[in-house]
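The next block holds one structure in the form of structure tokens; read it before the comments.
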Amino acid sequence: MVNFEKNMRLIVEHTYGTWRAQKGWKEPLCISKAKGVYLYDQRGRPYLDFSSQLMCSNLGHGNEVIVDAICKQAREISYISPGFVCEATARAVEALLDIMPEGLNRFFFSTSGTEANEAAIKIVRQYMAPKYKIISRYHSYHGATATSISLTGDPRRWYAERARCTVPGVVFAPDTYCYRCPFGLTYPECNIQCVEYVDYMIKEEGNVAAVFVEPVVGTNGKLVPPKEYFPRLRKICDENGVLLIVDEVMSGWYRTGKWWAIDNWDVKPDILTTAKGCTSAYTPVGITVTTKKIKDYFEEEVMCHGHTYSMHPLAISAIPPVIEEYKRLVATGLPQRVSKYLEKKLHELMNRHECIGDVRGMGHFWAIEIVKNRKTKEPFNTKADKFQKPLITDKISSEALKRGLYIVSWYDHFTVAPPLIITEEEVDEGIQILDEVLKIADREVEVV
Ligand code: PLP
């Protein structure tokens, strides 16, 4: 007999809960099984996964093809030092070469998104020396380790700064946040000031090595840039001798309806970083991909980076079957069809709920931003409230969980990013629960 209470006590007393004051690590939901788009608690109660966990379980849970490949690798060879290679290394590289943007074909493997970004920055700062500054954006998250959190615009950086765990040399550019344009302008009359200002920044700052951006901003808003943004940014980078790095940790792997979010604008980056969906979270892998030209620079120069678990065979053994599974799934047409359905359902949801200020996104990657007042766009909570105040978004997502829906909330919006295998019926189930719980915010809306 499983002793639930003893298990919970062991876990919450002896482990750190992430990104929270520890008093909030009291009764996490204990999952006993996960299959398809559902998680099951210890009592067998199902929860629809409307955010693919942390926007990473893109192919859903319990996929036997992936699990079998990992088990096979575990039996053959689980680990060797990164100074050796094995068949799993070749298979992963071969599978990746098939789907990478043109020109990106030199890989560094780690075990998380933050490590993928740390590696990218180290490579760039060596390659571009003496230029070292990185332009990032306020609405961004790039990871928890020192360099990645320094590039991060969201409030988690503020805590890392207090802990003196950040690095210098990062400047922040304006966001592609059309709903709340930082210049107070409206598209298309704005002439895309958010990208023109990057040109100004590069020239005024000096020593800029790279621009580092999420092509569609994930955690911090599902911000889809205007169509002119990336072609213009590529041009600005080229004219100023600056590299363009895209963080596709969350936005890659068909989240936006293409292998890479940047493919939506036909722009080629100099470096791409990814993680999460590269194994659909079955194993922990981070990938930093560069051009041959960048790798060639390190023929003589020491590439001063590595981990015990770089190119971990068990971890990267998930990459080839995952890529095959994406291809198989896309060939069925299901994700293409359901993404359109999801978009329609989310806009209908907005029509029914006064608290929804904006619905934005693409593919299987959507934000529902809630506001107190649709006209003035007054928010319920702001960035400064995160970790400081009870948030109405948290209250709503907890209520959703009680009703069998898992949905990630941020201080101002909810993340609708279900696994790509979700069906229309399952979308309906999630929307129905959202319909119920959004009434909590509707009741707080100011009457206009
Ligand atoms: N970059 C982006 C865009 C992310 O969304 C995340 C995590 O959510 C990271 C980097 C960090 O990835 P990890 O948590 O695997 O370190």
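For the reader, a short list of remarks on this structure follows.
- Burial ranking of peptide ranges 407-420, 303-316, 209-222 (average Cβ count within 10 Å, highest at the top): 209-222, 407-420, 303-316
- Length-normalised contact order for the chain - Cα pairs under 8 Å, 6+ apart - percent: 21 percent
- Computed over the stretch 293-448: relative contact order in percent, which uses C-alpha pairs under 8 Å that are six or more apart: 23 percent
- Residue-normalised accessible area of the stretch 176-294, expressed per residue, 1.4 Å probe, Å²: 34 Å²
- Estimated FRET transfer efficiency (T423, K203; beta-carbon r; R0 45 Å; 0.05): 0.35
- Order by protection proxy (mean Cβ within 10 Å, highest first), peptides 2-9, 395-402: 395-402, 2-9
- Residue pairs exceeding 25 angstrom between C-alpha atoms, taken from K258/K344; K72/K122; K227/K383; K72/K258; K235/K293: K72/K122; K227/K383; K72/K258.
- Counting Lys and Arg as +1 and Asp and Glu as -1 over every other residue whose Cβ lies under 12 Å from the Cβ of V170, the net charge comes to +2.
- Taking a sphere under 11 Å around the Cβ of T423 and counting the other residues whose Cβ falls inside, with K and R at +1 and D and E at -1, yields a net charge of -4.
- For the stretch 97-139, the residues whose backbone nitrogen is under 20 Å from a point 7 Å from the Cα of E300, taken along Cα to Cβ, are 123-131.
- Theoretical gain in end-to-end length, T15 to F84 [0.36 nm per residue, Cα-Cα removed]: 21.4 nm
- Taking the chain as a Gaussian network of alpha-carbon nodes connected by springs under 10 Å, the highest mean-square fluctuation of the residues A261, A90, A281 belongs to A90.
- Taking the centroid of alpha carbons for each part, the stretch 251-293 and the stretch 136-153 are 17 Å apart.
- Over the stretch 158-260, relative contact order from alpha-carbon pairs under 8 Å, at least 6 apart, %: 25 percent
- Cα centroids of the stretch 317-357 and the stretch 64-123: 26 Å apart.
- The portion of the accessible surface of the chain made up by carbon and sulfur, rounded to a whole percent, is 54 (1.4 Å probe; DNA, RNA and ligands excluded).
- Take 23-31, 434-442, 164-172, 229-237 and order them by the average number of nearby Cβ atoms within 10 Å per residue, most first; the result is 229-237, 434-442, 164-172, 23-31.
The values are calculated or read from the model by the stated rules, or taken from the named source; none is laboratory data. Computed from a prediction, not measured in an experiment: that's the story for all the values here. Here the Cβ is made from the backbone with ideal geometry for all residues, glycine too, and neighbour counts use every protein chain on show. Accessible surface areas use protein heavy atoms only, side chains included; no ligands, DNA or RNA. Shrake-Rupley method; radii C 1.70, N 1.55, O 1.52, S 1.80 Å.
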